[in-house]
1. More than 15 angstrom separation, counting every C-alpha pair in segment 12-89; what % is that?
2. Only four residue types carry charge here, +1 at the Cβ of Lys and Arg and -1 at the Cβ of Asp and Glu. Report the dipole size of segment 65-181 about the Cα centre in Debye, rounded to the nearest 20.
3. Between S81 and H136, what is the spin-label point distance in nm, taking each point 7 Å from the Cα along the Cα→C-beta axis?
4. Here is the link list: K8/K155; K8/K74; K63/K124; K9/K39; K8/K39. Which ones come out longer than 26 Å on Cα distance?
5. If you look at just the Cα atoms of segment 87-181, how large are its Rg and its Dmax in Å?
6. For E104, project a label point 7 Å along Cα to C-beta. Then give me every residue of segment 162-181 with its amide nitrogen under 14 Å of that point.
7. How do 141-152, 58-69 rank on mean C-beta neighbours within 10 Å, highest first?
8. What is the calculated FRET efficiency for R153 to K74, with r their C-beta to C-beta distance and R₀ = 45 Å, to the nearest 0.05?
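The values are calculated or read from the model by the stated rules, or taken from the named source; none is laboratory data. None of these values were measured; they are calculated from a predicted model. In this analysis, Cβ positions are derived from the backbone assuming ideal geometry, glycine residues included, and neighbour counts consider all displayed protein chains. Please note that ligands, DNA and RNA were not included when accessible areas were found on the heavy atoms of the full protein model with its side chains. Shrake-Rupley method; radii C 1.70, N 1.55, O 1.52, S 1.80 Å.
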Amino acid sequence: VVCIDLSKKENDVNIQRNKEQGLEDVIIVPGELSFDDTKEPSDSIDCCVSEDSILHAGNGRSKVVAEAARVLRKGGLFVFSDIMQRDAVDPAALSRVYARLGLEDMGSPAKYIEWAAQAGMRLKRYEDFSPQIATHYGSIRKMLQGPTRDKLRGKVSDKYVESMIEGLSAWEDASNAGNLA
């Protein structure tokens, strides 16, 4: 198992947890690398997994998909979860979400399928869990508006909490409007 992460902090936590579990010889953490340039040999990986992170590659999302295809062995799997926009969504409907993320778009199922095909992969299965976004972000927003907010006083600024509430509301609204995939 090879774990790729940009963050030194996350890599350090991963290394420590691997040591605690006696897995440091099984799980390799090669340092701060990008998921669009893993430094792994071509045709060397059986399965690439990414959880809710490709979105943040912005205009480089197709490079991430291409890198997964490059390192995968023949018959390998690329399994990922990510928040996407609907294929035919009006960009104006997601302007609050884009502003929050500093993105121009979020990619869509059709775009990911296109990028995968360009990289020589094909879709095996797609599952849409987007309704869970409103539930999840809505529950966090409610916590921040309730007793949790008092527990955060002195630890984070009110301005930060308000910004989080606004951002979570944007995600919730986009999900409830059916604009996410």
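1. Details: 1929 of 3003 pairs.
Across segment 12-89, Cα pairs with separations above 15 Å total 64 percent.
2. Working: 17 positive and 15 negative charges, 112 e Å.
It works out to roughly 540 debye.
3. Here the answer is 0.5 nm between the modelled labels.
4. Details: K8/K155 23 Å; K8/K74 31 Å; K63/K124 20 Å; K9/K39 20 Å; K8/K39 17 Å.
With Cα atoms farther than 26 Å apart: K8/K74.
5. According to the Cα coordinates of segment 87-181, Rg and Dmax are 16.5, 51 Å.
6. Counting only backbone N, you get no residues.
7. On the way: 141-152: 12.8, 58-69: 19.9.
Averaged packing, sorted descending, gives the order 58-69, 141-152.
8. On the way: r = 55 Å, r/R0 = 1.23.
Given R0 = 45 Å and the Cβ-Cβ separation, E is 0.20.
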